[in-house]
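Enquirer: One structure, pasted below without further comment.
The values are calculated or read from the model by the stated rules, or taken from the named source; none is laboratory data. What you see is a predicted model; the values in this text were computed from it and never measured. Heads up, the Cβs are rebuilt from the backbone with ideal geometry, glycines too, and the neighbour counts pull from every protein chain shown.
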Amino acid sequence: MSEQQPELLKLNEEDVLHYLKQNPNLFERHPDALAEIKIPHAHKGSISLMERQQEVLRHKNQDMEKQIKDLLSTAKQNEKIYRAFVNLYMALLECPDSQKLLYLLRAMLLDQIELDGIKLCLFITTTDEKAQDFVEPRSKFLDVLDDRLSRDTYYFGRLKQQEMDLFFEPEKAIGSVCLIRLGEQKDLGILAFGSCDDNHFSPDMDTVFLDPMVKLINRFLFDFQSGERS
């Protein structure tokens, strides 16, 4: 009678990974294995497991540094928005004249929000000569309103050059924008912030700091009616 051969245990990748996770001291017991195990590498051909681990940690550190820089940049910008909100609120209390508020509003936004470009476009009727330079015909922005702001108060991201030219001079080289519809009914204008950084404004941006400032700006515009300038 022939001896029965032992059945070979079939292992898959999940079994190997599970074993390694359950035995973290494996390579302490077999230190030579760290140098012997080779992993394919796109640029170096193959590297050791230790080299691969160091490379992964290095990339993680680089990603973490980038995230921290992004958070600091966002915090700095949010601080500017909050400061602008406070100053606009104080101006609203001290300046009851609606016509003067328009001029003050644009001046304060230019001064407080330190970006590469700011454009205030209002679709209102006003007799104030000082306000005429930022009163625009709504028909000029119909495509932007339909394509970028038809559903939301905000649009963050990039624009086609034809759209960008509506808000900023070409020499400013604006890369990304924040567009905001103004008015309680979203019919009084568009406020545009621009940055030369293509990635400064992105679709996943939070509006928690912008919301109160936009509500305050809408309060500035409360006494005005939507109009169409030919």
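Enquirer: Quick check on Leu216: is it in contact (Cβ under 8 Å) with a residue 12 or more places away in the chain and crowded, with 19+ Cβ neighbours inside 10 Å?
Expert: no
Enquirer: Being within 23 Å of Ile124 (Cβ to Cβ) and small (Gly, Ala, Ser) narrows it down to one residue among Gly175, Gly194, Gly157; which is it?
Expert: Gly194
Enquirer: Further question: Report yes if some residue within the stretch 75-84 is among the hydrophobic types (A, V, I, L, M, F, W, C), in contact with a helix residue (DSSP H, G or I) (Cβ under 8 Å, 6 or more places away or on another chain), within 29 Å of Ile124 (Cα to Cα) and modelled with pLDDT under 75; otherwise report no. Before the answer, list the steps.
Expert: At the first step, the residues of the stretch 75-84 found to be among the hydrophobic types (A, V, I, L, M, F, W, C) are 75, 81, 84.
Next cut, in contact with a helix residue (DSSP H, G or I) (Cβ under 8 Å, 6 or more places away or on another chain) only: 81, 84.
Filter again for within 29 Å of Ile124 (Cα to Cα), leaving 81, 84.
Of the ones still in play, those that are also modelled with pLDDT under 75 are 81, 84.
Yes - at least one qualifying residue is present in the stretch 75-84.
Residues checked against (1) surrounded by 14 or more Cβ atoms within 10 Å (Cβ to Cβ); (2) over 21 Å from Gly194 (Cβ atoms); (3) at pLDDT below 70; (4) among the charged types (D, E, K, R):
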{"residue": "Ile68", "(1), (2), (3), (4)": "no, yes, no, no"}
{"residue": "Met90", "(1), (2), (3), (4)": "no, yes, no, no"}
{"residue": "Glu94", "(1), (2), (3), (4)": "no, yes, no, yes"}
{"residue": "Leu122", "(1), (2), (3), (4)": "yes, no, no, no"}
{"residue": "Thr126", "(1), (2), (3), (4)": "yes, yes, no, no"}
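Enquirer: Restricting attention to the stretch 105-154, and to residues there that are touching a Phe, Trp or Tyr at 6+ places or on another chain (Cβ under 7 Å) and small (Gly, Ala, Ser), which single residue is farthest from Phe220 (Cα to Cα)?
Expert: Gly117
To keep it simple, each residue is scored yes or no on (1) in a loop (DSSP other than H, G, I, E, B); (2) polar (S, T, N, Q); (3) modelled with pLDDT under 75.
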| site | (1), (2), (3) |
| --- | --- |
| Met1 | yes, no, yes |
| Leu8 | yes, no, yes |
| Leu11 | yes, no, no |
| Val16 | no, no, no |
| Leu20 | no, no, no |
| Ile39 | no, no, yes |
| His43 | yes, no, yes |
| Glu55 | no, no, yes |
| Asn61 | no, yes, yes |
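Enquirer: Taking interchain pairs and intrachain pairs at least six residues apart, which have beta carbon atoms under 6 angstrom, with the first residue in the stretch 106-128 and under 20 Å from Gln185 (Cα atoms) and the second polar (S, T, N, Q) and crowded, with 20+ Cβ neighbours inside 10 Å?
Expert: Cβ pairs passing all conditions: none.
Enquirer: Considering only residues that are under 18 Å from the mean Cα position of the chain (by Cα) and touching a residue at least 60 places away in the same chain (Cβ under 8 Å), which ones fall in the stretch 132-176?
Expert: Thr153
Enquirer: Given the criterion buried (at least 23 other Cβ atoms within 10 Å of the Cβ), over 15 Å from Leu109 (Cβ atoms) and modelled with pLDDT of 90 or more, identify the matching residue among Ile174, Ile190.
Expert: Just one listed residue meets the conditions, Ile174.
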